[in-house]
Amino acid sequence: MTNAQNRTGRRPRVLSLVELGGPSVDRLRRVADLTLRPWTESQELVDPLELAAEIEEHGFGALFIEADFIFEETIVGAPTLRFLGICRADHGHVDLDAAAAAGIAVANTPGRNSHAVAELTLTLMLNLVRPVIEASTFVAAGDWADPTAGYFGFRGTELGGQTVGIIGLGAIGRRTAALLRPFGCRILASDPAVSAEEMQALGCTAATLDELLAAATLVAVHCPALPETQGLIDAAALARMPAGARLVATTGESVVDTAALAAALEAGHLAGAALDVFETHPVPPDHPLLSAPNVILLPHIGGATDVTVVRHTDMIVDDYLRFLSGEPLLNSVQPYVPS
């Protein structure tokens, strides 16, 4: 190990405020002393100043986070901190300028939950075209008295006959497209950052947003929540969708105008919708979607799988070990020159 924090001969110390799992935990423990205190167990975020004091008191050289905020005062008050690992793709909750000024290496874990969210997207699509939840409730409630009632009452359609529009072709959108291809769907994609040639290689046909909305019978929203995407799928966009179309939103909270979506469902223009992200978490009790017809609402579980935890552990430990060895990081959030 060539990094400066190891030249004293002491084992480096790591504080993880995020859940870790899999074999990489042992890889980490072989080279560092690990204090594991995930926010998912404490169910609270650490006060920034208290966190700085803890880092300095115990000499932690590395900090792994997921949900905790890292402000300038945390960084200034923690002079021993040399590596910050963000176990998610988003890093808007970290003051990167302060980290750069302090010479702290910052790595994240892009795509850690892409498989999980894409699989949930596919699950929701299948549940929208086949009324699985309603049929299960029907049987569990003891209402299945007529042997043929299910056949006539819960007839759906098939995913293979759909034109699916994917808005946003990042890691999750690409994985969703890959899962859809064996079903034989026609897949349209809209993403200004991806070329038509690259979309074609992914099995998608490039389309403008308006073209996609006008043609897709199933729309999957996978673009990130950014100022320019806020309210992108508003009342006008929903009106452009074909009558009887369905919408799934598992990423990009605030991209879909959920009040307008509820109105489109109430009016019968859309045949169904499924959401795992909302403008606020949790959804307020008076939200119109809670009483809208033909809607599936989930409590933001898209990335909640054990494999996601193992994947972000592998990724962040890989980069931390590279940091200790003075190698370039694989997922550096900003320019970093190893010492």
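The values are calculated or read from the model by the stated rules, or taken from the named source; none is laboratory data. It should be emphasised that the depicted structure is a prediction, and the values quoted were computed from it without experimental measurement. As a convention, Cβ positions derive from the backbone with ideal geometry for all residues, glycine included, and neighbour counts pool all protein chains shown. Side chains included, ligands, DNA and RNA excluded: accessible areas come from the protein's heavy atoms. Shrake-Rupley method; radii C 1.70, N 1.55, O 1.52, S 1.80 Å.
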**Q.** Residues that are part of a loop (DSSP other than H, G, I, E, B), surrounded by fewer than 21 Cβ atoms within 10 Å (Cβ to Cβ) and touching a residue at least 40 places away in the same chain (Cβ under 8 Å), drawn from region 45-62
**A.** GLY59
Q: Would you check if VAL283 is in a loop (DSSP other than H, G, I, E, B), under 23 Å from GLY92 (Cβ atoms) and either of a type in the set (Val, Ile, Thr) or touching a Phe, Trp or Tyr at 6+ places or on another chain (Cβ under 6 Å) (or both)?
A: yes
Q.
Filter region 309-339 down to the residues that are open to solvent by less than 60 Å² (accessible area, probe 1.4 Å) and either acidic (Asp, Glu) or closer than 28 Å to PRO131 by Cα (or both) and list them by number.
A. ASP314, ASP318, ASP319
Q | Breaking point among (1) assigned to a helix (DSSP H, G or I); (2) open to solvent by 30 Å² or more (accessible area, probe 1.4 Å); (3) farther than 20 Å from VAL106 by Cβ, for VAL25 | A | (2)
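Let's see how each residue does on (1) part of a helix (DSSP H, G or I); (2) touching a strand residue (DSSP E or B) at 6+ places or on another chain (Cβ under 7 Å); (3) open to solvent by 10 Å² or more (accessible area, probe 1.4 Å); (4) modelled with pLDDT under 95:
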| position | (1), (2), (3), (4) |
| --- | --- |
| GLY85 | no, yes, no, no |
| GLY92 | no, no, yes, yes |
| ALA99 | yes, yes, no, no |
| THR123 | yes, no, yes, no |
| ASN127 | yes, yes, yes, no |
| SER136 | yes, no, yes, no |
| VAL139 | yes, no, yes, no |
Q: Among residues belonging to region 1-22 that are crowded, with 17+ Cβ neighbours inside 10 Å and part of a loop (DSSP other than H, G, I, E, B), point out the one that is modelled with the lowest pLDDT.
A: ASN3
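Quick grid of which residues meet (1) hydroxyl-bearing (Ser, Thr, Tyr); (2) on the phi > 0 side of the Ramachandran plot; (3) without any contact (Cβ under 8 Å) to a residue 24 or more places away in the chain:
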| residue | (1), (2), (3) |
| --- | --- |
| PHE69 | no, no, no |
| ILE86 | no, no, no |
| LEU96 | no, no, no |
| THR121 | yes, no, no |
| SER136 | yes, no, yes |
| GLY160 | no, no, no |
| ALA171 | no, no, no |
| ARG181 | no, no, yes |
Q: Take ALA214 and decide whether it is closer than 22 Å to ASN127 by Cβ, at pLDDT 95 or above, among the small types (Gly, Ala, Ser) and in contact with a helix residue (DSSP H, G or I) (Cβ under 8 Å, 6 or more places away or on another chain).
A: no
Q: Please specify each residue of region 141-160 satisfying the condition of being within 19 Å of THR123 (Cβ to Cβ) and either open to solvent by 70 Å² or more (accessible area, probe 1.4 Å) or touching a Gly at 6+ places or on another chain (Cβ under 6 Å) (or both).
A: GLU158, GLY160
Q | Residues located in region 184-198, provided they are of a type outside the set (Asp, Glu) and closer than 11 Å to GLY168 by Cα | A | LEU188, ALA189, SER190, PRO192, ALA193, VAL194
Q | Qualifying positions in region 264-276 - under 24 Å from GLY173 (Cα atoms), open to solvent by less than 10 Å² (accessible area, probe 1.4 Å) and hydrophobic (A, V, I, L, M, F, W, C) | A | LEU270, ALA273, ALA274, LEU275
Q: State all residues of region 296-339 that are among the aliphatic types (A, V, I, L, M), under 14 Å from the mean Cα position of the chain (by Cα) and part of a helix (DSSP H, G or I); if no residue qualifies, say none.
A: VAL307, VAL309
Q: Would you point out which residue out of GLY165, GLY170 is buried (at least 24 other Cβ atoms within 10 Å of the Cβ), within 24 Å of THR229 (Cα to Cα) and of a type outside the set (A, V, I, L, M, F, W, C)?
A: GLY165
Q | In region 240-263, the residues that are part of a helix (DSSP H, G or I), hydrophobic (A, V, I, L, M, F, W, C) and either open to solvent by less than 10 Å² (accessible area, probe 1.4 Å) or within 15 Å of GLY165 (Cβ to Cβ) (or both) | A | LEU261, ALA262
